[in-house]
Structure formats: structure tokens, C-alpha cells
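No value in this document is a laboratory result; all are computed from the given coordinates. These numbers come from a predicted model, not from an experiment. All Cβ positions, glycine included, derive from the backbone under ideal geometry; neighbour counts span all protein chains shown.
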């Protein structure tokens, strides 16, 4: 069985005590088959065969994806390679991060399994509204790919993608939501925070308040950059309840990045016993990801509950690099993470600007 098949088997049937041995095997595979990573580990004077603990692996900054091709050289035929780019909104297009995914089936398995746990634990197949382009329109966007998989796996017969790479059709989105309300059909909205802000602004400008059917939900994928007035996750929850009739437990913020194949989601009363009010929510990773909070000075692991730079070991990244250092600050407590913000030197996240900057005043229209 290949290392990829071992990871797939773990994703399908995770066993807690099996994580670390498999993670160390993945680390050694990456050291042998991802040339830039091999040089990185060697520069730290580390012999992969001698590493026996995950916290002894130096994390690679996600910024490295801008400067090197970090995929395994022998993992799959070239036609299977999928390349995803970071949004590149703060630099030119040639400075965007590049994540080559050599086994998209592992990426899909990770995305679907955790979506099932966190957004669809009730096995409902709602109508689907995407306020971000799907993969056919933006094939190099990891968010577009995840949204497409979500619609394919969990959606009912009714679905609408109300976005292109240039704009979001807010009028079409509102018309779709009104139709689901009229037909008493639950709907799942998949949107960046900026798209949510544009929708809420248009509803307010048109004095429209919807009461979406029971079972409706909203996945807020973050990316506040590009909003006239940025919304916090708690404000998205409040607006969704007031303007769409979606209960707070059914508005769930997602945290992820192009450089990592797994995602985190808010723990709420809908999907977890670890439920907190908006603004204080913990985020849950899948069982195939381990989170660390690191001291920003020496990158040593901190005790549970201490804030630090977040690092993750993601088994689903088996074909590239699994131990990653982010530019996000947070707290790790057992199997959960609380985000506190970005480090002072971090670049702003630009997911919201994967499509043109939203201007609610020009997009709002009544139905």
C-alpha cells in the first residue's frame, strides 16, 4: 500500500493512536521525494530517520509556496496534478503561492469527510447557492474546487452559482433565496465574508428580510478584505439571523488556506458538543490534522491555552509538505483552535478578492 493509500484509509477510518506513526512516515516520504523540502530539513541538521516526535519537525512557512514547487516528484502521472494558486491580491500575479496537489482524490476525501461532519451532520440535501465562482470558472482556486465538491456531494436538485470571476450577481442570489423561501426548501449558502456583506447590504437597501426554511445554513469562508465595512464572523452570524432567518448555530465560519488540503470549521450546537457563542467560537480540525501554537521567537511548542503562531501537520498534504507554519495567531486546546488574528508582519488574506472587489452600492437591487 502506498503512503497515499495509507492516508486515504486513515481519512476514511481515523484511529487516534495511528496518527503520529503515519504522520512520521509521511514526513519521511516528503523528505525523500520533495527536493526543496529535503534541502530545508537538511539545513536544520535533521536526519528524517532520527525524528520520533512531530514537534521535532521544523515547520515550513506557507510563504515558501511562492518560491518553490513543493510537490512530490514521483507521486502521480503529470495529468493528475492539480495546481492551485493563492489569490495574489497584495502582490503581482507572479508572486502568488502555488500548491501542486499530486493526488486530488486525497484532497477531495479530506474536504468531503470534514464537510459531512461539520456542515451536513444531519444528512440533509438542501438547495445550494454559491456566491463564489465554482471550479469550472476558476480552476486554479482551491476555494472554488472545494465549493464545487460540496455542491456535488451534498446538494439537492436546486442549485445556483451566482458569481463569476468578475462579480457576484446579488439580484439573482436574492431571487433564488426568495424562491426557496416560497417553496419551503432549505438552502445552503456558500460565500466569502465579502460576498455575505454584499448580500446583507443589498437586502437592507431593498428593505428585504427573508425567513429561510428550517435546516438552512451558511458557510462563511472568510476573506474580509475588499469590504467597505468589514464584518467580523460574529457580525455575519447576527446578520444571517436577522436578514435570512438562519439560526446562529447554522452559520459556520470556515478556516483554510490554499497551501493546506484540510479545513477547520466553527464548533456550534449543530455539529459539536463544544459550542460557544459567536465571537468566542472554537474551530475544529479533522482527525487527520494536528495543530500547534508556537512561540514566535524560537518556534517551540507552547502549552495548551497559550497564544502563539499556529502551525499544522496535515496528513492530507501528503504529496507536498505537511508541517506548515502560518502567519495566524491562535490558541490550541486539545483538538480545537481559537483564532486570535494575524501576526503583525503578515500579509492580509485576499480570498475575498479572488473576484472583483465588492461594491454593495452598485450591486444592490430590489427584486
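Full extension from residue 81 to residue 334: what is 0.36 nm times the residue separation minus their Cα-Cα distance, to one decimal in nm?
Residue separation times 0.36 nm, minus the Cα-Cα distance, leaves 87.6 nm.
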Between 95, 74, 157, find the one with the highest GNM mean-square fluctuation for the chain; connect C-alpha pairs within less than 10 Å. 157
Semi-axes of segment 74-217 from the Cα gyration tensor (sqrt of 5 times each eigenvalue, largest first, whole Å) come to 30, 20, 11
Residue among 18, 308, 156 with the largest mean-square fluctuation in a Gaussian network model of the chain, springs linking Cα atoms under 10 Å: 18
Average projection area in nm² (convex hull over Cα atoms of the chain, one quarter of hull surface): 17.6
Length-normalised contact order of the chain in % [C-alpha pairs under 8 Å, at least 6 apart]: 19
Quantify how much of the Cα-Cα distance distribution of segment 1-147 extends past 24 Å, in percent. 44
Per q in 0.21, 0.25, 0.29, 0.34 Å⁻¹, report the Debye log10 I(q)/I(0) for segment 1-41, using one uniform scatterer on each alpha carbon and no solvent. -0.67, -0.82, -0.95, -1.11
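Give the dimensionless ratio obtained when the Cα radius of gyration of segment 255-315 is divided by 2.2 N^0.38 Å.
Working: Rg = 12.8 Å, N = 61, 2.2 N^0.38 = 10.5 Å.
Here the Cα radius of gyration is 1.22 times the empirical estimate.
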Estimate the FRET efficiency between residue 214 and residue 12 by the formula 1/(1 + (r/R0)^6), using the beta-carbon distance for r and 22 Å for R0, to the nearest 0.05. 0.10
Descending packing, highest mean Cβ count within 10 Å first, for 99-105, 232-238, 8-14 is 99-105, 232-238, 8-14
In a Gaussian network model of the chain with springs linking alpha carbons closer than 10 Å, the residue among 43, 206, 73 that fluctuates most is 43
Using the Cα gyration tensor of segment 177-314, with a ≥ b ≥ c the square roots of its eigenvalues, what is the shape: rounded (a/c below 1.5), prolate (a/b larger than b/c) or oblate (neither)? prolate
Just check segment 170-244 against the gyration tensor rule for me: Cα atoms, a ≥ b ≥ c as the square roots of the eigenvalues, rounded for a/c under 1.5, and otherwise prolate or oblate depending on whether a/b exceeds b/c. prolate
Under a no-solvent Debye model with one identical scatterer per Cα of segment 153-208, what's log10 I(q)/I(0) at q = 0.13, 0.14, 0.28, 0.31 Å⁻¹? -0.34, -0.39, -1.34, -1.42
Please compute the modelled spin-label separation between residue 232 and residue 49, points set 7 Å along Cα→Cβ, answer in nm with one decimal. 5.3
Cα pair distances of segment 1-74 binned at 5 Å [whole percent]: 3, 14, 24, 23, 20, 12, 3, 0
Provide the gained length on full extension for the span residue 306 to residue 171, in nm with one decimal, where the gain is 0.36 nm per separating residue minus the Cα-Cα distance. 44.1 nm
Restricted to the chain, the DSSP antiparallel beta bridge percent, nearest 5, is 65
Least to most buried among 315, 60, 81, 22 (fewest other Cβ within 10 Å first): 81, 22, 60, 315
Tell me the angle of helix 104-118 to the major Cα principal axis of the chain, expressed in degrees between 0 and 90 and rounded to the nearest ten. 60
The chain: calculated mean residue ellipticity at 222 nm from DSSP helix runs of at least 4, using -39500 (n - 2.57): -8000 deg cm²/dmol
